[in-house]
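The values are calculated or read from the model by the stated rules, or taken from the named source; none is laboratory data. For clarity, every value in this text was computed on a predicted model and none was experimentally measured. Positions of Cβ are backbone-derived with ideal geometry, glycine not excepted, and every protein chain shown enters the neighbour counts. Ligands, DNA and RNA are stripped out before the accessible areas are found, and what is left, the full protein with its side chains, is counted by its heavy atoms. Shrake-Rupley method; radii C 1.70, N 1.55, O 1.52, S 1.80 Å.
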Amino acid sequence: MTDDTAFDPATNPMAFRHALGRFATGVTVITAQGPEGPAGITANSFASVSLDPPLVLWSPAKSAGRFPIFAEAPHYAIHVLSEAQRDIAAAFTRHVNAFDGLAWHESANGTPIIENCLATFICSREATHDAGDHLIIVGRVTDVRTREGNGLVFHGGRYGGFRDGG
């Protein structure tokens, strides 16, 4: 048996970040049209909000270099990545030009759409809410595309997959 460790997250932000990393999440790439062309950012802060109307949210860090693009984007797409798309997730965490060599196209409203994702939610910005060092962006889903496959998972600072134990 291990002892629980208690701490004040306000005075120990690294321990807080580590504790948050114990929650496994899916991995998404959010894309939008920026002033210099398509932009994308890897995010694990995606959640459903409402079925009626169809709303989802995600939360970019204000410190992200591409933050202004997403904070102002009237339209964007959330791509749920498959286990086979680990390299795409990694590329969008590091490179502004991650679209180079990637299979993608533009939606009717000009939003960059990455091909072959497990799910793609094309959204229009519904609302934003200030949330400390992040911004919560709520989007109205206007179109959805799906395909079968195993999802990419992020846990403890690493990418992985989820396999059925049966």
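Residues of segment 109-150 that are farther than 28 Å from Glu72 by Cα and surrounded by fewer than 16 Cβ atoms within 10 Å (Cβ to Cβ): Arg147, Glu148, Asn150. Of the candidates Asp52, Asp164, the single residue that is loosely packed, with under 15 Cβ neighbours inside 10 Å, at pLDDT 95 or above and not in a strand (DSSP E or B) is Asp52. Restricting attention to segment 16-27, does a residue exist that is within 20 Å of Gly156 (Cβ to Cβ), within 17 Å of the chain's Cα centre (by Cα), open to solvent by less than 20 Å² (accessible area, probe 1.4 Å) and of a type in the set (A, V, I, L, M)? The answer is yes; a qualifying residue exists. Selection of first residues in segment 48-73 that are at negative phi and of second residues that are acidic (Asp, Glu), restricted to Cβ pairs under 8 Å at least 6 apart or on distinct chains, gives the following pairs, ordered by first then second residue: Leu55/Glu126; Ala61/Asp133; Lys62/Asp133; Ser63/Asp133.
When Ala24 is tested against (1) among the small types (Gly, Ala, Ser); (2) closer than 23 Å to Asn150 by Cα; (3) without any contact (Cβ under 8 Å) to a residue 40 or more places away in the chain, only condition (3) is not met. I want to confirm something. Restricting to segment 60-95 and keeping residues that are buried (at least 20 other Cβ atoms within 10 Å of the Cβ) and among the polar types (S, T, N, Q), which single residue is farthest from Leu152 (Cα to Cα)? Selected residue: Gln85.
Of all residues in segment 28-49, those being more than 15 Å from Gly139 (Cα to Cα), in contact with a helix residue (DSSP H, G or I) (Cβ under 8 Å, 6 or more places away or on another chain) and surrounded by 12 or more Cβ atoms within 10 Å (Cβ to Cβ) number 5. Scanning segment 118-146 for residues that are without any contact (Cβ under 8 Å) to a residue 40 or more places away in the chain and touching a Leu at 6+ places or on another chain (Cβ under 6 Å) turns up nothing.
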